[in-house]
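The values are calculated or read from the model by the stated rules, or taken from the named source; none is laboratory data. It should be emphasised that the depicted structure is a prediction, and the values quoted were computed from it without experimental measurement. Counting neighbours? That spans all protein chains shown, and the Cβs are built from the backbone with ideal geometry, glycine included. What goes into the accessible areas is simple: the full protein's heavy atoms, side chains included, and nothing from ligands, DNA or RNA. Shrake-Rupley method; radii C 1.70, N 1.55, O 1.52, S 1.80 Å.
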Amino acid sequence: MSLLAIGCSDSRLRSRRDRDTSVAAVFSLSGELKQRRILSFRTLYRTPPAFRITSSSSDRLSPPRAVSGDLLHDAGATAAVLAGAYSLVLGFDNLARRNLIQQKLSRKLVHILSGLLFMMSWPIFSTSTKARYFASIVPTVNFLRLVINGLSLAKDEGLLKSLTREGKPEELLRGPLFYVLMLILSAVVFWRESPIGLISLAMMCGGDGIADIMGRKFGSKRLPYNEGKSWIGSISMFIFGFCVSIGVLYYYSVLGYLEVDWIKAVQKVALVALVATVVESLPITDVVDDNISVPLVSMVAAFLTFST
């Protein structure tokens, strides 16, 4: 009887141990499955760090809700920049009509500020790969306005006073039209990811724009090979183009879009500014508008210098 009781006791102990082992294995497997689900969820929906430039495949990997959020974000940013651009032109037009500033100065200030402010607004757009196309809507709308008014399909007196020298509609189809085309090109092709577009716009807006103001005000000594340009205008082109370019690079480096080696960057920007200044001083304005020659040459020079 005692042997039988011991045998029964041993069998009960073994069955309990087997049952406990099975229960432990079930809980262990369940824990592993839960852990795996949590890890895969975090990996799929991890939030990108601020101001990181996303890859071209980011939209395909983003959840639908995030994609729709980016579209709304960029649509709102586009509307805000459009309103700002319209307010800028309207404001200077009102100042000119009240004779608070000269018409020529108003036109040049619009030339300088509209491009620079457009370029400085790019960080308010999302990190989506489609953001650059939303931003390019702003100069595209202005492009259409220039074409419509330049062809005399409509007449906007404020636009003519702000952007033309003599108030003729056909003037809108030259310098101002080339200007907005360069804005579109820089936004779509280069965007925030490259210093090339940033520097080319800085030279066109800051350098060339201020050179004209300084040349008309203080340019008594003319260049020997171009009576239409002055020494003070060319010097201003180089100095302000260089300074504005450095300022723009600093702005985007602070926001985390660019990593800049400042010793090399200063040398390369100075070289680009020198090349752009020489081209701007040449007597070719009747053949090629400054709003084409300056930014395109700056793009080529920046591409060659910053790619080495």
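Would you point out which residue out of Ser87, Ser114, Ser121, Ser136 is among the hydroxyl-bearing types (Ser, Thr, Tyr) and open to solvent by 50 Å² or more (accessible area, probe 1.4 Å)?
That would be Ser87, the only listed residue that is among the hydroxyl-bearing types (Ser, Thr, Tyr) and open to solvent by 50 Å² or more (accessible area, probe 1.4 Å).
Can you name the residue in segment 281-299 that is crowded, with 16+ Cβ neighbours inside 10 Å and free of Cβ contacts under 8 Å to residues at least 24 places away in the same chain and is also nearest to Ile210 (Cα to Cα) among such residues?
Going through the qualifying residues, I end up with Ser293.
Check whether at least one residue in segment 182-198 is farther than 24 Å from Ile124 by Cα and not in a helix (DSSP H, G or I), and report yes or no.
No, there is no match, as no residue in segment 182-198 is farther than 24 Å from Ile124 by Cα and not in a helix (DSSP H, G or I).
Residues of segment 146-174 being in a helix (DSSP H, G or I) and open to solvent by 60 Å² or more (accessible area, probe 1.4 Å), which ones?
Ile148, Glu157, Lys161, Glu170, listed by residue number.
Since Ile246 meets every condition but one in (1) part of a helix (DSSP H, G or I); (2) buried (at least 21 other Cβ atoms within 10 Å of the Cβ), which condition does it not meet?
Of (1) part of a helix (DSSP H, G or I); (2) buried (at least 21 other Cβ atoms within 10 Å of the Cβ), only one is false for Ile246: (2).
Considering only residues of segment 49-74 that are open to solvent by 50 Å² or more (accessible area, probe 1.4 Å) and at pLDDT 60 or above, which is nearest to Ser114 (Cα to Cα)?
In this case the residue turns out to be His73.
Test each condition in (1) surrounded by 15 or more Cβ atoms within 10 Å (Cβ to Cβ); (2) touching a strand residue (DSSP E or B) at 6+ places or on another chain (Cβ under 9 Å) for Ala276 and report the one that comes out false.
In the conditions (1) surrounded by 15 or more Cβ atoms within 10 Å (Cβ to Cβ); (2) touching a strand residue (DSSP E or B) at 6+ places or on another chain (Cβ under 9 Å), Ala276 misses (2) alone.
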